[in-house]
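The values are calculated or read from the model by the stated rules, or taken from the named source; none is laboratory data. Small disclaimer: the values here were computed from a predicted structure and weren't measured. Here Cβ is always computed from backbone atoms with ideal geometry, including for glycine, and neighbour counts include all displayed protein chains. The area values use the complete protein model at the heavy-atom level, side chains included, leaving out ligands, DNA and RNA. Shrake-Rupley method; radii C 1.70, N 1.55, O 1.52, S 1.80 Å.
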Amino acid sequence: MILDQFERPLRNLRLSVTDRCNLRCSYCMPEPEYVWLPRADILQFEEIERLVDIFVELGVDKVRLTGGEPLLRRDLPLLVAALAARPGVRDLAMTTNGVLLAQHAAELAQAGLHRVTVSLDTLRPERFEGLTRTAELPRVLDGIAAAAPLFGGLKIDTVVIRGVNDDELADLVEFGRRYRAEVRFIEYMDVGGATHWSMDRVVSCRDMLDSLERRYGPIAPIAEASSAPAERFQLPDGTAFGIISSTTRPFCQQCDRSRLTADGLWYLCLYATRGLDLRGPLRAGTPAPELAGLIRSAWTARRDRGAEDRLTTRDRAPLIPLDTLRRDPHLEMHTRGG
Ligand code: SAM
Ligand code: SF4
Ligand code: SF4
């Protein structure tokens, strides 16, 4: 196991398999047009597998497939099967917007995917259309219905935005209960791509708890030791849910996460402005021990605490201006995988 400058181990790899997406969520891809990663740069499955093997050697045991929308990547179940066959990958999960989930859920489960998280911000069709610029809510709901019986512990992730969907917290908890899916409410983050972000649109963990307590009565925290970003809570009837306080109470101190973009750049923090190019050396035939050395040196020097640093910023505005995002799509949340 390797540790960074704050003794945080390298354990968790978020693997973006594409930068493309079939939704246009207002907090992630609000612009009319995007610059895409060149196709020739996108890592082949066999290249991803070689990199994962190196990461596993260095201590990674949790891998999460993400995007863009991971289900847009052709033949994804083949990659799932290859990763699931590696004993070092103890936890293999995927975060998806759910639009294509109904048609792929069975194949993914068969290929060995362990867990699925579906992002769902609203249950109201008009609101969904306003938030994503598509009318795909029915397909997302079908996806959840198809995946719930196949994957134990389905999760639903909801980004909460003031004045947009903050009146739906209880509805989403009720919806999750129907599928035995744990809902996790995420504070709106000022990451790259969130060009419409402002602090007054963030609903804090405290505000979310107050709102749910008004409906359900006293809420108790669930005590557990974990490096997972969500703090878990329990309603009086025992229903569990999570809150990811990424903006008001960041959890950088425990952060064991890093991100590999679809074109092989490795980022040590969601807020990092530069990543380490692993595709170049990989394609140049660099032997695995040398690639491992590059990864090890970068991780052991890691001092990133992006969200905590942002907390100390006065007059917070969107992290990265639009013209800078256009010059480097790697700064976008949909390229980094969230
Ligand atoms: N397309 C897939 C999806 O939406 O589940 C996977 C990629 S998406 C970038 C991963 C996660 O990032 C989603 O749950 C999304 O809600 C979250 N996300 C994107 N922009 C965000 C923001 N500004 N604040 C908080 N979460 C955000
Ligand atoms: Fe929405 Fe995920 Fe697509 Fe971003 S990548 S626009 S969060 S579905
Ligand atoms: Fe980890 Fe960076 Fe997020 Fe902090 S801001 S939790 S260091 S990825």
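Please list, ordered by first then second residue, the pairs with beta carbon atoms under 7 Å, 6 or more apart or interchain, first in the range 217-240 and more than 16 Å from ligand 2 (Cβ to nearest atom), second at pLDDT below 90 and of a type in the set (Asp, Glu).
If the second residue must be at pLDDT below 90 and of a type in the set (Asp, Glu), the pairs left are ARG232/GLU224.
Hey, can you tell me all the residues within the range 288-338 that are charged (D, E, K, R), open to solvent by less than 40 Å² (accessible area, probe 1.4 Å) and part of a helix (DSSP H, G or I)?
GLU308, ARG310, ARG336 - these are the residues of the range 288-338 that are charged (D, E, K, R), open to solvent by less than 40 Å² (accessible area, probe 1.4 Å) and part of a helix (DSSP H, G or I).
For ARG50, state whether it is within 11 Å of ligand 1 (Cβ to nearest atom) and open to solvent by 60 Å² or more (accessible area, probe 1.4 Å). So that I can check it myself, show each step before the final result.
On the way: within 11 Å of ligand 1 (Cβ to nearest atom): no; open to solvent by 60 Å² or more (accessible area, probe 1.4 Å): yes.
Considered against the rule, which asks whether it is within 11 Å of ligand 1 (Cβ to nearest atom) and open to solvent by 60 Å² or more (accessible area, probe 1.4 Å), ARG50 comes out as no.
Kindly establish whether ASP19 is closer than 29 Å to ALA102 by Cα, out of contact with any strand residue (DSSP E or B) (no Cβ under 7 Å at 6 or more places or on another chain) and within 16 Å of ligand 1 (Cβ to nearest atom). Break it down into steps so the answer makes sense when it comes.
Details: closer than 29 Å to ALA102 by Cα: yes; out of contact with any strand residue (DSSP E or B) (no Cβ under 7 Å at 6 or more places or on another chain): yes; within 16 Å of ligand 1 (Cβ to nearest atom): yes.
So ASP19 passes the test.
Conditions (1) open to solvent by less than 20 Å² (accessible area, probe 1.4 Å); (2) within 15 Å of ligand 1 (Cβ to nearest atom); (3) among the polar types (S, T, N, Q); (4) more than 20 Å from LYS155 (Cα to Cα), marked per residue:
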site: GLU7; (1), (2), (3), (4): no, no, no, yes
site: LEU15; (1), (2), (3), (4): yes, yes, no, no
site: CYS25; (1), (2), (3), (4): no, yes, no, no
site: TYR34; (1), (2), (3), (4): no, yes, no, yes
site: GLY68; (1), (2), (3), (4): yes, yes, no, no
site: PRO87; (1), (2), (3), (4): no, no, no, yes
site: LEU92; (1), (2), (3), (4): yes, no, no, no
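So in the range 257-276, with the set limited to residues that are in a loop (DSSP other than H, G, I, E, B) and within 8 Å of ligand 3 (Cβ to nearest atom), which one is nearest to VAL56 (Cα to Cα)?
So in the range 257-276, the residues in a loop (DSSP other than H, G, I, E, B) come out as 261-264, 268-275.
From what is left, the residues that are within 8 Å of ligand 3 (Cβ to nearest atom) are 268-272.
Values: LEU268: 16, CYS269: 19, LEU270: 21, TYR271: 24, ALA272: 23 Å.
So the residue we want is LEU268.
Return the total of residues in the range 256-267 being in contact with a helix residue (DSSP H, G or I) (Cβ under 8 Å, 6 or more places away or on another chain) and either of a type outside the set (A, V, I, L, M, F, W, C) or within 12 Å of ligand 1 (Cβ to nearest atom) (or both). Steps first, please.
From the range 256-267, those in contact with a helix residue (DSSP H, G or I) (Cβ under 8 Å, 6 or more places away or on another chain) are 258-267; that's our starting set.
Add one more test, that the residue is either of a type outside the set (A, V, I, L, M, F, W, C) or within 12 Å of ligand 1 (Cβ to nearest atom) (or both), and what stays is 258-259, 261-264, 267.
Here the count works out to 7.
Count, please, the residues in the range 94-120 that happen to be of a type outside the set (A, V, I, L, M), in a loop (DSSP other than H, G, I, E, B), within 13 Å of ligand 1 (Cβ to nearest atom) and open to solvent by 10 Å² or more (accessible area, probe 1.4 Å). Lay out the reasoning, then the answer.
Step one: of the range 94-120, the residues of a type outside the set (A, V, I, L, M) are 95-98, 103-104, 107, 110, 112, 114-115, 117, 119.
Narrowing further to those that are in a loop (DSSP other than H, G, I, E, B): 97-98, 112, 114.
Subsequent filtering for residues that are within 13 Å of ligand 1 (Cβ to nearest atom) retains 97-98.
Restricting the remaining residues to those that are open to solvent by 10 Å² or more (accessible area, probe 1.4 Å) gives 97.
So the count comes out to 1.
Condition first: within 12 Å of ligand 3 (Cβ to nearest atom) and closer than 28 Å to CYS21 by Cβ. Can you find one or more residues in the range 322-332 that meet it?
No, the conditions are met nowhere in the range 322-332.
Go through the range 210-255 residue by residue and tally those that are hydrophobic (A, V, I, L, M, F, W, C), more than 16 Å from ligand 1 (Cβ to nearest atom), part of a loop (DSSP other than H, G, I, E, B) and surrounded by 15 or more Cβ atoms within 10 Å (Cβ to Cβ). I'd like the intermediate steps shown before the answer.
Start the filter on the range 210-255 by keeping residues that are hydrophobic (A, V, I, L, M, F, W, C), which leaves 212, 219-220, 222-223, 225, 228, 230, 233, 235, 240-241, 243-244, 251-252, 255.
If we keep only those that are more than 16 Å from ligand 1 (Cβ to nearest atom) as well, we get 212, 219-220, 222-223, 225, 233, 235, 240.
Keeping just the survivors that are part of a loop (DSSP other than H, G, I, E, B) gives 219, 222-223, 225, 235.
With surrounded by 15 or more Cβ atoms within 10 Å (Cβ to Cβ) added as a condition, the list becomes 219, 235.
Adding up the residues that qualify gives 2.
One line per residue, one yes/no per condition, for (1) at pLDDT 95 or above; (2) of a type in the set (Phe, Trp, Tyr):
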site	(1), (2)
GLU224	no, no
ARG232	yes, no
SER258	yes, no
TYR267	yes, yes
ARG283	yes, no
ILE295	yes, no
LEU331	no, no
ARG336	no, no
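Looking only at the range 184-196, how many residues end up being part of a loop (DSSP other than H, G, I, E, B) and near ligand 1 (Cβ under 6 Å from one of its atoms)?
Here is the first cut: in the range 184-196, the ones part of a loop (DSSP other than H, G, I, E, B) are 188-196.
In the following step, the residues that additionally are near ligand 1 (Cβ under 6 Å from one of its atoms) were identified as 188-189, 191, 194.
Result for the range 184-196: 4.
Looking only at residues that are out of contact with any Leu (no Cβ under 7 Å at 6 or more places or on another chain) and either small (Gly, Ala, Ser) or under 24 Å from ALA93 (Cβ atoms) (or both) in the range 272-287, which one is least open to solvent (accessible area, probe 1.4 Å)?
Looking at the filtered set, the residue picked out is ALA272.
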